[in-house]
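Asker: Pasting a structure below so you can have a look.
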Amino acid sequence: MAFLCLLCHQAGHKMADCSDGNRPRGNNTPGPKAVTSFAAVKTSRDALCARCEDLHVMDLLLREDVVDELDTVYKAVSTNLKRHRSLGPYRDIVLVDTCPLCRLLFGIFPPEDADIEPDADYLLKPLRTYNRLGGVIRADDDDSDNTKRNAYGVSLSILARPMLSKQAVELLAMSSYRFIYETSFGIASSSLPPTSATTSTTSTAAAKPRQGLPARPRAPVVDYSVIQSWLHRCDTHHPDCTAVWVDELLTTSMIDVQTLSIVPCPANCRYLALSYVWGHVVPEEDALTKGTLPATITDAIEATKKLGFRYLWVDALCIDQDPTSPAKMQQLGIMDRIYAGAYATLVAFYGDSSLFGLRGSTPERARPAQPHETLVDPLTRTAYDVAAMYPTMAAEWEFPTCTHKTRAWTLQEEYLSQRLIMFGKDQVHYRCQNVILTETVDETRDPSQLLDLLQSGTGEAGDYFRELSKSRAAAQADAAAGGHKSNINNTSNNSNNGGGPSLARRRQMAAAQYVSALDDYTSRNMARDTDSLNACLGMLSFLKRMASLQDFVWGLPLRDFPLSLMWCHVSSSSKGNITLPPPRRRADFPSWSFVGWQGEVSYILPENLLPVAEKSTRERAEMDRKQITHDLCIAFGGIDNKTVRLAGWTVRFAIQTAPFSTAYVPGTDESIGMLTQNEERHPTSLPSGVFDFVVVQRVKRNLGNGRFRHLLYLLMLDDNGGGGAVPSRRTLVQWNVEGSFIPTPAYADMLKRREDIQLV
Ligand SMILES: [Zn+2]
Ligand SMILES: [Zn+2]
Ligand SMILES: [Zn+2]
């Protein structure tokens, strides 16, 4: 017998005797570390150690009633809180290699630095396995007696006690889907009796193990037939997940994986696309024929073959990489078509460059063996295979080591693809427009069809993309019927163009999606400043098509929504005092667009992006209730390269920054209101002096008794040295004016109407 140490993850000593015990804690990847092979000590019917016997885990796995963690309306949080087994404080947990449960725990234990409090109690916590697929079964679904939803499999996760508080669990349920019970273990489908058509949860149910979505054993190299069965399931049951062919795709090139050559895209081509992080690795010329491609591309070619496809689209090989080539710009502009046209997108979800390859795709890329053990149910004396279930897609997304989600380019690839096959650290995940599936949850064992009950929404920022992409037919019908603004006043949810959402509804969704995607996009990194616009062109093309918008202007929907100028950089304090670097100018791009800066942006009043007529009924009712009106809005005039022409109101005043930023009538000590930035009163970035501003919009609120509060959103200008230079945007400020506004001569004199405002 040997002890197993959780600090250095080696056998031979207790944690108390570990020489590695005082190492500094770092930012470790959650989930299991190296997997030790216990072949030498394993026997088929190993007995549990005394502590493990007392845990009665088979009762939890087979017989206890476990509450649905993610049920959005469940009121039974406290009921589930009691269903756990305590393991004690981390450093006091003794594991031995002769006990099968100890070996399993050793295999799935989170690293010490992934926990919240190092000295906290650790618990084994049961979870319905379908919760690991990121969906919820709502209480009002067609399952009134709960027979279906009670046919759930159970997995046990390890978590620290603070994570078990009612508030923590509620928080997890609220942020839904993103729960972080990383690695767990459950009864494997390999040891379950075959599911018969007549399986029911009545009468002898207590004696039968639950079948609903058990653990699935996985080998170090992925079993491609599992991925094929996911694609097949999706082909059979989800008509809205199909790839969308358009003839524009004939302008693209494909890798023919059989001849290893680049060919023009054949008509109605069935192809896969690749989404990966380049990481400064650029394939050399002719790398395909020379066989010197980066590992990720080589693996993707192999995976394409194994999945039975002939064509693969990879940006590095299929787009002319000359930055000045018109062909490149044309291809970037149809990036949405390319990803939506792919049968599925292979995602290199793990690793920070194209040298990492696709985890598990080939023997060279093998993953550690999956911990699994035989545990005997003391009640029935039945032996069960119990296997590790790896972190969910959502959890893996949150890993500090997940580079894929930090890159600007990958955002549109994730959102615009119909189906994603994501090669993660320890398992492959699948996400289509309807379900999330994963390698270590066996969706083929689902006698009650829980998968069909799972709600499709993933609760992520990309949800409007999914909803919009289901509106393709409606968008095409609108385009055919004359396109832009054809039925904008039709606010009913269904227009007469084939049953899809109305144009007004689609524009609402597009605006909401634009706002949230921009926040995400600008918080991501890119290797080259020159990609600032290129990396979101596909996303913008998609929104433009789906909502019949006019061309975007340097990334902004300015022609349709001039208020899209009202973005601002996110401040450190609004991010809970995470220190953000100050925004940095990107010289090749205009200052009035987010593409002209590096730094996360957001819209202060995203709902004001849409003209009043296009707002939802709820938003309009809210405006009426609060007696809010908007005026002095900016209008788009035209664009000449980087110079935008606008019509609207301008104002000049002096700023004095101590103690707060206050606006003064220039040359006087007449204070005319407070200035804020990011809705904060203490901006440090505003200088003192006399400045010109462009009014983007005034929001007027009736305070009652004839009093009004005015909030003006102003672009603060930089005169770029004066002397006739076209000014640029310095920042966005809010000017707060209490009381009457226009009637006071001082204010009226200050506002000037101009038909030709220029900004660069
Ligand atoms: Zn150790
Ligand atoms: Zn044990
Ligand atoms: Zn599907």
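The values are calculated or read from the model by the stated rules, or taken from the named source; none is laboratory data. The shown structure was predicted, so the numbers you read here are calculated from the model rather than taken from an experiment. We place every Cβ from the backbone using ideal geometry, glycine too, and count neighbours over all the protein chains shown.
So that you can scan it fast, the table gives a plain yes or no per residue for (1) away from ligand 3 (no atom under 16 Å from the Cβ); (2) outside any strand (DSSP E or B); (3) modelled with pLDDT of 85 or more; (4) farther than 22 Å from GLU398 by Cα:
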position	(1), (2), (3), (4)
ARG83	yes, yes, no, yes
TYR152	yes, yes, yes, yes
SER157	yes, no, yes, no
MET163	yes, yes, no, no
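Asker: Could you list, in sequence order, all residues of the stretch 545-579 that are basic (Lys, Arg) and either at pLDDT 95 or above or over 24 Å from GLU413 (Cβ atoms) (or both)?
Answerer: Listed by number, the residues that qualify are ARG559, LYS575.
Asker: Under the condition of being more than 25 Å from VAL570 (Cβ to Cβ) and aromatic (Phe, Trp, Tyr), which residue from the stretch 638-675 is modelled with the highest pLDDT?
Answerer: TRP649
Asker: Right, something else. Return the residues of the stretch 419-439 that are in contact with a Gly (Cβ under 9 Å, 6 or more places away or on another chain) and surrounded by 22 or more Cβ atoms within 10 Å (Cβ to Cβ); say none if nothing qualifies.
Answerer: Correct list: PHE423, GLY424, ASP426, GLN427, VAL428, ARG431, VAL435, ILE436, THR438, GLU439.
Asker: So, one more: Tell me, which residue of the stretch 437-459 that is at pLDDT 90 or above and aliphatic (A, V, I, L, M) is farthest from LEU192 (Cα to Cα)?
Answerer: LEU437
Asker: I'm checking my understanding of the structure. Among residues of the stretch 96-150 that are closer than 18 Å to ALA387 by Cβ and part of a strand (DSSP E or B), which one is modelled with the highest pLDDT?
Answerer: LEU124
Asker: Of the numbered conditions (1) at pLDDT below 70; (2) surrounded by 15 or more Cβ atoms within 10 Å (Cβ to Cβ), ALA197 satisfies every one except a single condition; which is it?
Answerer: (2) is the only condition that ALA197 fails.
Asker: Out of the residues in the stretch 93-107 that are over 13 Å from LEU48 (Cβ atoms) and surrounded by 23 or more Cβ atoms within 10 Å (Cβ to Cβ), which is farthest from ligand 1 (Cβ to nearest atom)?
Answerer: That would be GLY107.
Asker: Identify, by number, the condition in (1) away from ligand 3 (no atom under 16 Å from the Cβ); (2) over 20 Å from ASP68 (Cα atoms) that ASP442 doesn't meet.
Answerer: For ASP442, the failing item is (2).
Asker: Select from the stretch 27-75 the residues that are of a type in the set (Val, Ile, Thr) and away from ligand 2 (no atom under 16 Å from the Cβ) and write down the one among them that is modelled with the highest pLDDT.
Answerer: Here the answer is VAL66.
Asker: Whether any residue in the stretch 676-694 is modelled with pLDDT under 80 and assigned to a strand (DSSP E or B) is what I want to check.
Answerer: The answer is yes, given that some residue of the stretch 676-694 is modelled with pLDDT under 80 and assigned to a strand (DSSP E or B).
Asker: Something else: Could you give me the residue pairs with C-beta distances under 7 Å whose first residue belongs to the stretch 727-752 and is in a loop (DSSP other than H, G, I, E, B), whose second residue is exposed (fewer than 12 other Cβ atoms within 10 Å of the Cβ) and at pLDDT 75 or above wherever it lies, and which are 6+ apart or on separate chains?
Answerer: Within 7 Å, the pairs are GLY739/ARG707.
Asker: Out of contact with any Asp or Glu (no Cβ under 7 Å at 6 or more places or on another chain) and part of a helix (DSSP H, G or I) - does that describe any residue in the stretch 624-637?
Answerer: Yes - at least one qualifying residue is present in the stretch 624-637.
Asker: Quick one: VAL665 ticks every box in (1) exposed (fewer than 15 other Cβ atoms within 10 Å of the Cβ); (2) out of contact with any Leu (no Cβ under 9 Å at 6 or more places or on another chain); (3) farther than 26 Å from SER516 by Cβ bar one, so which box is it?
Answerer: VAL665 satisfies every listed condition except (1).
Asker: Do you know which residues across the stretch 598-614 are under 16 Å from ASP519 (Cβ atoms) and in a loop (DSSP other than H, G, I, E, B)?
Answerer: Passing the criteria: GLY599, GLU600, ILE604, LEU605.
Asker: Wholly within the stretch 252-364, which strands (runs of 3 or more DSSP E) include no fewer than the required count, namely at least 2 residues that are surrounded by 20 or more Cβ atoms within 10 Å (Cβ to Cβ), out of contact with any helix residue (DSSP H, G or I) (no Cβ under 7 Å at 6 or more places or on another chain) and assigned by TED's automatic domain parsing to the domain that holds SER532? Let's see the steps before the verdict.
Answerer: Numbers: elements: 253-256, 261-264, 271-275, 311-313, 344-348.
Passing ranges: none, list empty.
Asker: Please go through the stretch 220-248 and give me each residue that is more than 16 Å from ligand 3 (Cβ to nearest atom) and under 27 Å from ALA342 (Cβ atoms), ordered by number.
Answerer: If the condition is that a residue be more than 16 Å from ligand 3 (Cβ to nearest atom) and under 27 Å from ALA342 (Cβ atoms), then VAL221, VAL222, ASP223, TYR224, SER225, TRP245, VAL246, ASP247, GLU248 are the ones that fit.
Asker: Could you check the stretch 82-103 and list, in sequence order, the residues that are touching a Pro at 6+ places or on another chain (Cβ under 8 Å) and either among the acidic types (Asp, Glu) or within 14 Å of ligand 2 (Cβ to nearest atom) (or both)?
Answerer: Of everything in the stretch 82-103, just one residue is touching a Pro at 6+ places or on another chain (Cβ under 8 Å) and either among the acidic types (Asp, Glu) or within 14 Å of ligand 2 (Cβ to nearest atom) (or both), namely ARG103.
Asker: Also, quick follow-up: When you go through (1) touching a Pro at 6+ places or on another chain (Cβ under 7 Å); (2) surrounded by 24 or more Cβ atoms within 10 Å (Cβ to Cβ) one by one for PHE399, which number turns out not to apply?
Answerer: With (1) touching a Pro at 6+ places or on another chain (Cβ under 7 Å); (2) surrounded by 24 or more Cβ atoms within 10 Å (Cβ to Cβ) applied to PHE399, the lone miss is (2).
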